[in-house]
Amino acid sequence: MTTVANRWAGTGVAPGTAVAESWRVDRPVPAGSGPIDPDRVGEAFRAVAADLTRVADRAREEGRHAAADIVTTGALIAGDPGMVDAARRAAASNEPLRGIQDAVEEYARLIEELPDETLRERAADVRQVGRRVIERIARSGTGTGGRAGGAFVLVADDLGPADLLEHLAEGLVAAVAVRGGASSHAAIVARSIGLPLVLGVHADVLDLPDRTVLLVDADAGVVVADPPEAEVARAGQSATRDRRRRVELASERGLAHVTADGQPFALLCNVASDIEVRVGRDGGAEGIGLLRTELPFVHSGHWPTLAEHRHALRPILAEAAGWLVTVRLLDFANDKVPPFLDPAAAGLPALLAHPEALAAQLGAIADLGRGVDLRVMVPMVTSAEQLRTVRAALGEPAVPVGAMVETVAAVEAIDELCAAADFLSIGTNDLTAEVLDLDRTDPRARPELTAHPQVLGLVRAVVAGAGRAGRSVSVCGDAGAHPTTLPLLLGAGVRQFSVACARIDETRYRLRRLDTVTCGEVLAEALTLPDADTAADLVRRRFEVAVL
Ligand code: PEP
Ligand code: MG
């Protein structure tokens with residue numbers, strides 16, 4: 001909905017405010033541009049190497065050594081004379097960008113055939129360097145200019161979680177997209193890393209030239225191009241207030257994880273990158289309750305290889321050394337189906353139907369997971385048989401295998417699941433979407449809908465089943481960090497919460513002030529109400545849900 005020419009309303013799905021130059025990440029690459037000067041290709045490789053060196057230096061300064069080493073390798077690859085020469089030769093063709101892509105792909109495949117496993121992991125770096133080089137050439141060709149060197153706001157028609165993670169260390173301060181909703185994975189990642197994100201903005205925003213100054217106010221759900229000075233100043237004040245609030249919340253780090261009535265709770269974090277692990281550790285989380293492994297592969301054209309899994313997992317598990325880490329197997333379902341899978345036949349059944357793909361992931365997890373307190377979690381489980389298949393494929397040494405309970409079928413089979421699982425974790429995002437028949441990308445899908453009595457009834461049934469079988473049960477969906485659903489989950493008997501890294505302090509603050517007996521009473525009443533909104537109203541009446 002456009003209000004005035006340079007101001008758009010959307011939905012803020014991850015809070016915060018930022019002002020920086022824009023950069024459209026998914027501007028279409030022009031086809032059939034005709035031959036280009038090979039020197040431009042050489043220059044693009046040099047510029048990409050310089051960019052990556054800067055990113056690596058920054059990561060090293062922040063103490064993120066594993067990530068820095070990986071990015072440095074990318075910089076070295078961008079300077080490889082063999083690949084640069086092959087790409088320069090491709091510049092003479094009528095489709096130079098396609099030719100460069102093919103040259104890079106051939107190089108990546110050669111690397112994938114090397115006998116050394118660690119070297120094979122470098123193929124992913126080669127492809128990433130190729131993408132950046134092509135993007136650089138295509139952009140200067142269209143006269144849109146490149147990305148700003150410092151802070152920038154990412155603009156896209158549709159954003160994937162990988163778009164955010166890939167640019168996180170490069171100055172990304174906010175993002176704006178035309179499509180998507182609060183339950184999409186881009187939104188989940190944005191909340192996790194504390195990145196302001198506004199979705200549902202009018203498509204006119206896509207036509208802005210790169211490097212337009214954008215104000216993103218995700219609290220108000222507003223995006224302004226070339227904002228007036230007064231508005232920039234107000235945004236700065238709001239960011240300062242937000243920083244103060246965060247400092248205040250962080251002051252409770254180190255205090256006992258017990259509720260107001262003395263009931264212990266566990267606070268874990270959800271991650272998909274090494275940066276989040278660092279944020280989670282600093283925030284005082286007790287471990288990782290959900291490591292999403294599919295996000296780097298949602299655009300992949302094939303099942304990830306052992307080397308690709310290792311490449312993605314290595315920095316995360318290195319950062320998590322000595323910690324409890326719950327690695328979830330590939331969850332290619334709903335809004336995360338890669339192009340090589342048929343959406344109607346994706347998800348866990350597809351992974352289990354490809355034992356070599358399962359073995360590749362389990363091999364990487366078991367090997368790189370030696371330095372952590374490892375658990376493996378299976379997504380979208382619908383039967384105990386699926387858990388047994390994963391356990392058999394894992395083999396020895398035994399690693400705890402858990403089930404995500406995020407389908408109605410899983411809740412219905414809870415006793416059999418408990419018999420086959422070492423632990424359970426409730427995925428309220430998918431469970432709520434299924435019960436309410438909403439697509440995960442539907443703008444109406446929101447974490448607070450978990451307050452729907454039908455969903456709450458299922459959560460209670462899972463907690464009861466886990467109690468009967470003596471299994472631990474956590475919630476790792478976004479309802480665990482939401483002010484109106486957290487008291488209801490506590491009331492249903494949940495005592496372990498795995499939340500987005502940026503919500504750890506806030507969730508601790510809330511849990512320490514909630515009383516489990518009162519929460520139980522409020523849950524009982526919420527179960528009799530007609531819908532989620534009425535239940536949320538009840539929670540707001542009974543508890544102080546605003547924080548500071
Ligand atoms: C969930 O469904 O609640 C969950 C945590 O998994 P994801 O959001 O990754 O689908
Ligand atoms: Mg899920």
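The values are calculated or read from the model by the stated rules, or taken from the named source; none is laboratory data. Computed from a predicted structure; not experimentally measured. Ideal geometry is used to build each Cβ from the backbone, glycine not excepted, and the neighbour counts take in all protein chains shown.
A compact table of results
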| item | result |
| --- | --- |
| Filter result for Pro339 (of a type outside the set (S, T, N, Q), away from ligand 1 (no atom under 13 Å from the Cβ), surrounded by fewer than 21 Cβ atoms within 10 Å (Cβ to Cβ) and in a loop (DSSP other than H, G, I, E, B)) | yes |
| Yes/no for Arg241 being in a helix (DSSP H, G or I) and either out of contact with any Cys (no Cβ under 9 Å at 6 or more places or on another chain) or polar (S, T, N, Q) (or both) | yes |
| Any pair with Cβ under 9 angstrom, 6 or more apart, that starts in segment 319-334 at a residue that is at pLDDT below 95 and within 16 Å of ligand 1 (Cβ to nearest atom) and ends at one that is of a type outside the set (Gly, Ala, Ser) and in a loop (DSSP other than H, G, I, E, B) | Ala333/Glu294; Ala333/Pro379; Ala333/Met380; Ala333/Arg440; Asn334/Met380; Asn334/Asp439; Asn334/Arg440; Asn334/Thr441 |
| Tally of residues being outside any loop (DSSP other than H, G, I, E, B), within 16 Å of ligand 1 (Cβ to nearest atom) and at pLDDT 95 or above across segment 288-316 | 4 |
| From Arg58, Arg27, Arg54, residue being at pLDDT below 90, in a loop (DSSP other than H, G, I, E, B), closer than 30 Å to Leu195 by Cβ and among the charged types (D, E, K, R) | Arg27 |
| Residues satisfying the stated conditions in segment 270-286, i.e. in contact with a strand residue (DSSP E or B) (Cβ under 6 Å, 6 or more places away or on another chain) and either more than 16 Å from ligand 1 (Cβ to nearest atom) or among the hydrophobic types (A, V, I, L, M, F, W, C) (or both) | Val271, Val277, Ala285, Glu286 |
| Hey, Gly280 assigned to a helix (DSSP H, G or I), surrounded by 24 or more Cβ atoms within 10 Å (Cβ to Cβ), of a type in the set (Gly, Ala, Ser) and in contact (Cβ under 8 Å) with a residue 40 or more places away in the chain or not | yes |
| In segment 365-399, residue surrounded by the fewest Cβ atoms within 10 Å (Cβ to Cβ) [restricted to those that are away from ligand 1 (no atom under 14 Å from the Cβ) and in a strand (DSSP E or B)] | Asp373 |
| Any hit, segment 523-530, residues being more than 20 Å from Ile288 (Cα to Cα), assigned to a loop (DSSP other than H, G, I, E, B) and of a type in the set (Asp, Glu) | no |
| Residues satisfying the stated conditions in segment 415-437, i.e. in contact with a Lys or Arg (Cβ under 9 Å, 6 or more places away or on another chain), more than 13 Å from ligand 2 (Cβ to nearest atom) and either more than 24 Å from Gln361 (Cβ to Cβ) or among the small types (Gly, Ala, Ser) (or both) | Asp415, Cys418, Ala420, Ala421, Leu436 |
| Single residue of segment 162-192 satisfying the filter (away from ligand 2 (no atom under 16 Å from the Cβ), in a helix (DSSP H, G or I) and under 20 Å from Leu214 (Cα atoms)) that is modelled with the lowest pLDDT | Ala169 |
| Count - residues of segment 438-457 that are within 14 Å of ligand 2 (Cβ to nearest atom) and of a type outside the set (D, E, K, R) | 6 |
| Count - residues of segment 250-274 that are outside any loop (DSSP other than H, G, I, E, B) and either under 29 Å from Leu341 (Cα atoms) or at pLDDT 95 or above (or both) | 9 |
| Among (1) at pLDDT below 95; (2) part of a strand (DSSP E or B), the one test that Val224 misses | (1) |
| Some residue of segment 426-442 being out of contact with any Cys (no Cβ under 6 Å at 6 or more places or on another chain) and away from ligand 1 (no atom under 16 Å from the Cβ) | no |
| Test: Ala357 is of a type in the set (A, V, I, L, M, F, W, C) and assigned to a helix (DSSP H, G or I) | yes |
| Residue that is under 21 Å from Val378 (Cβ atoms) and more than 13 Å from ligand 2 (Cβ to nearest atom), where the choices are Glu412, Glu406 | Glu412 |
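Residue-wise test of (1) modelled with pLDDT under 85; (2) in contact with a Phe, Trp or Tyr (Cβ under 6 Å, 6 or more places away or on another chain); (3) closer than 21 Å to Phe297 by Cβ; (4) part of a helix (DSSP H, G or I).
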{"position": "Val84", "(1), (2), (3), (4)": "no, yes, no, yes"}
{"position": "Arg88", "(1), (2), (3), (4)": "no, no, no, yes"}
{"position": "Ile100", "(1), (2), (3), (4)": "no, no, no, yes"}
{"position": "Arg109", "(1), (2), (3), (4)": "no, no, yes, yes"}
{"position": "Arg136", "(1), (2), (3), (4)": "yes, no, no, yes"}
